[in-house]
Each structure stands twice: as structure tokens, then as C-alpha cells.
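All of the numbers you see were taken from the coordinates with simple rules; none came from a lab. None of the values given here were measured: they were computed from a predicted structure. Cβ atoms come from the backbone with ideal geometry, glycine included; neighbour counts cover every protein chain shown.
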Amino acid sequence: MAHRGMNFGIFLAPFHRVGENPTLALARDVELIEWLDHLGYDEAWIGEHHSAGWELIALPELVIAQVAERTKNIKLGTGVTSLPYHHPLMVAQRFVQLDHMTRGRVMLGCGPGALPSDAYMLGIEPTTQRTRMVESLDAIMRLLACEEPVTIKTDWFEMREARLHLAPYSDPCFDIAVASTITPFGMMAAGKHGLGVLSIGAGLPGGPEAMGKQWAIAEEAAAANGKTMDRKKWRIVVNAHVAEDDEQAMREVKLGERLETVSYFEETLGRPPGRSDDPLRDGVKQGTTLVGSPDTVAKGIERLLGYSNGGFGGLLFRAHEWANREQTMRSYELFARHVMPRFQRSTETTVGSLEWVKANRKTVLGGNVEAVRRAFTDAGRAVPEEFKSRTVGAAE
């Protein structure tokens, strides 16, 4: 969907508490994207994971195919496809098919693979994942160009005169973006081909301050390869939750955030525990977490725009279940109603129209008062006294 101003969406890993019904959890993911489509969100990026219990979706393309039939406008991407886990010809073929089946609403997000346990089960050494991602992405871009057969042999895949038998539906191709955290790798990979970026690192401590430097790395890589970067295709991924006021928002997410962080990221994935007594509030102060009223969240986005040194095109909420289902759905609605318009300039004309009528009320409404008076007198009837008092006040 093309918007004036910024685009908004979600980055759906997803994160579901272990021990709950996984079938219902997957159904909630589909329901959430349907709700976002109804609210006018632009994008949903759906993750690929194969272990550790929390992130349940193994093949995001299946979710995309199902959700595409239940939505009208929202674009659907993978957040992300772990390229070292798949033969590049198969990735290109699947996404071209989805491009046709969704009539141009599919997007390909690329990454080396986030969970070490996934790579371990596949027998892939962590030190090879980034190199393999670049090799795969190079092959995919050549295939999608549909210019000549592609012959490549690496230490993990081979293609012999490979070509797509179906060209992309989108012209010239569907959106492709590369995930970037805190290392230069993702930005360099995106810059090499002039692709979009999913900045996951912006939601980490120190991430906002590094945004401008990170984008500069992508621009340098693009220039070195004869490409250009488009800030409109730069998406920033952050944690967020909106409620009517700041304290209510904090109360709704505090317990769920602690459960996810401690149970999954610290105790399961082994990430160092936070040293803060109140990490949620500290994250809001640092700009890595947007929790609060619509005004508070809007101010947080403004700060991120400042850190970017030139702006970015999209903001993605890292979809979570810190709050309960009703509070979560309400959060997305509050954001769509009260925050989106500020960054998409969709209320400028309505506000301007109201202010113009208020400022010119005497001139604009005066003629209408006289017209109503004549409607009575032309009919041979006296103007009611209560109408006289009302109309005089309206014209002043």
C-alpha cells in the first residue's frame, strides 16, 4: 500500500509462551494480521525458526499464503528467510509463485539465521552462515533478473544453467530486504544490491544512536557496487505497546516482558541478564522501547527519526504477547487511530479545513443564516423566536 509519509507494520517472529496451546497461538498470528489489515497497517514480516519452543513458525510462506486469502491490502513478507538453510533456486521459485498468488503483495526478507540451535541441527557452522547468506543472495538476485541462465558452484549448493520458468509478477521484482543487527554485515549485504533493510538492532541498547552510522555503511557499499539506497525501504524494528496513558501501558506489559526476557532470552538462549532494576522504563528512556500513551509513543518515533540522520521509511513493531490478547489488539488500534496519522500526514487537510471554517465562521455561515430566514418568510410564516436567538449567535 502506498502512503503519504511513513509505513507501519509488524515483525512477527512470533513469540509465544511455552506451555500454551501452540495451535491456538498460530491461529492468533493469523488473526492479528487480519486485524492489522483492517486497521490499515502496511506490512507484516513473518519469521522462520526451528527450535527453542517460543518462535513457532517454521515456514512463513505457508502463513503468507493463508493470510493473503483473508486480507485485502497488507503486504506480507518473511522476517526473515534464513538463506543458508535453503537452496537459492527454491527460495526464488517460492517467492515468485507467491508474488503471483498475492498479486504483488509478497516481500522477501533475508538473513543468515538467528538461532544457533537451528544451525546446529542442520550441521551448519555458525562461522559460515554470513558467507553463505551472501552467496545465496547473489544467486537469487541473478535468478530474479531473468536475463541469462545461472551456473554457480559453492561448497554448499550448485546450480547448472538454472533459470526461473516463471518471472516475477511485480515489476521489476517484489520487495527484498536484508536484516541488520549491530554488525556492519547486514547493511553491507543490502548495499551490494541496493536492497531494503530491516534494522532489528535499533531496538537494542545503543541501537538508536548507531542508526545513522549503520545507514552510512549501506550507502557506502551501494556506491561501491554502482547501486543506490532508498530510505523509504529502510524499516526500523522496535518493541511497542500503546494504552490510554503511560502508567496503564506499563502495567499491561510489565509481567509479560519480564517472562519473555528471563525465560526465553536469558535462561534459554543464554543472553546476559539485564543489570537494570527496571529495564522496561529504561528502554523507554533510551528510545529502544515505545511503551506509553499515543503522545509518548509518537515522541519516541520522533526521537528515532532524529537518530537516523535523514529519516526512514517504515516502523515495525516486534510483535509480542507481553499484554493479554484484548490489550494487545487495542494497542494496535490506538496506534492506528492516534499515532499513524501524525506520520502519514493524513489529518493535515481535515485539521486545516476545520481551522479555516472556525477562522472564517462569520463570513461562511452568515449567508446560510439569511437563507434559512427566507425559507420561513417566503412561506409566509414568522421566524420562530428560538431560531432568531440561535442564528444570531451562530453568525457572530
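Among DSSP beta bridges lying fully in the chain, give the percent that are antiparallel, nearest 5.
Here the antiparallel bridges make up roughly 10 percent for the chain.
In sequence order, what are the phi-derived ³J(HN,Hα) couplings for the stretch 313-321 according to the Karplus relation 6.51 cos²θ - 1.76 cosθ + 1.60 with θ = phi - 60°, rounded to whole Hz, with x for glycine and proline?
Result, rounded to whole Hz: x, x, 10, 10, 7, 5, 4, 9, 10.
Can you give me the Cα centroid spacing of the stretch 193-270 and the stretch 98-121 in angstrom?
First find each Cα centre; the distance between them is then 18 Å.
List the residues, sorted by chain then number, that are 5 or more residues from MET107 or on another chain and whose placed amide H is less than 5 Å from its amide H.
HN-HN under 5 Å from MET107: LEU76, GLY77, THR78.
Among TRP215, TRP35, what is the fewest-to-most ranking by other Cβ atoms within 10 Å?
TRP35, TRP215
Length gain on complete extension for the stretch THR127 to GLU333, per 0.36 nm per residue less the alpha carbon to alpha carbon distance?
69.9 nm
Note the angle between two axes, namely the Cα long axis of helix 385-395 and the longest principal axis of the Cα atoms of the chain, as a number of degrees from 0 to 90, rounded to the nearest 10.
For helix 385-395, the angle is close to 50 degrees.
Treating the stretch 56-175 as a set of equal point scatterers at the Cα positions, no solvent, please give the Debye-formula log₁₀ I(q)/I(0) at q = 0.13, 0.14, 0.22 Å⁻¹.
For the requested q values the scattering log ratios are -0.52, -0.61, -1.27.
Starting from the Kirkwood radius over alpha-carbon pairs of the stretch 85-135, derive D by Stokes-Einstein at 25 °C in a medium of 0.890 mPa s and give it in µm² s⁻¹.
For the chosen part, D equals 199 µm²/s.
Please say if the stretch 294-363 is rounded, prolate or oblate, where rounded means a/c under 1.5 for a ≥ b ≥ c the square roots of the C-alpha gyration tensor eigenvalues, and otherwise the choice is prolate for a/b larger than b/c and oblate otherwise?
oblate
Work the Kirkwood hydrodynamic radius out for the stretch 7-346: mean of 1/r over every pair of different alpha-carbon atoms, inverted, in Å.
20.4
Give, to the nearest whole percent, the P(r) tail of the stretch 167-291 beyond 19 angstrom, counting all Cα pairs.
Result: 58 percent of Cα pairs exceed 19 Å.
Sticking with the crude label model, points 7 Å out along Cα→Cβ, report the distance from LEU204 to SER263 in nm, one decimal please.
2.4
Restricting to bridges with both residues inside the stretch 153-261, how much of the DSSP beta-bridge set is antiparallel, in percent to the nearest 5?
10
Which net charge results for the neighbourhood of MET250, defined as the other residues with beta-carbon distances under 10 angstrom from its beta-carbon, given Lys and Arg at +1 and Asp and Glu at -1?
It works out to a net charge of -3.
Each residue of the stretch 86-94 in turn: what ³J(HN,Hα) in whole Hz from Karplus with 6.51, -1.76, 1.60 and θ = phi - 60°, glycine and Pro shown as x?
Per residue, the Karplus-derived 3J(HN,Hα) values read 9, 5, x, 5, 5, 4, 4, 5, 4 Hz.
Note down the magnitude of the dipole of the chain about its Cα centre, charges +1 on Lys and Arg C-beta and -1 on Asp and Glu C-beta and zero elsewhere, to the nearest 20 debye.
Roughly 1120 debye, rounded to the nearest 20.
Using a Förster radius of 41 Å, what is the FRET efficiency between ALA382 and THR349 based on their Cβ-Cβ separation? Nearest 0.05, please.
Step by step, r from the Cβ atoms, then E = 0.50.
Please list, in order, the residues from the stretch 161-199 whose amide nitrogen is less than 17 Å from a point placed 7 Å along the Cα→Cβ vector of THR151.
The answer is 161-164.
In the chain, with Lys and Arg counted as +1 and Asp and Glu as -1 at Cβ, which of these residues, SER346, PRO273, VAL63, has the Cα nearest the positive end of the dipole, that is, farthest along it?
SER346
Pick out, from GLY206, ASN309, ILE236, the residue whose Cα sits farthest towards the positive end of the charge dipole of the stretch 7-346, with +1 on the Cβ of Lys and Arg and -1 on the Cβ of Asp and Glu.
ASN309
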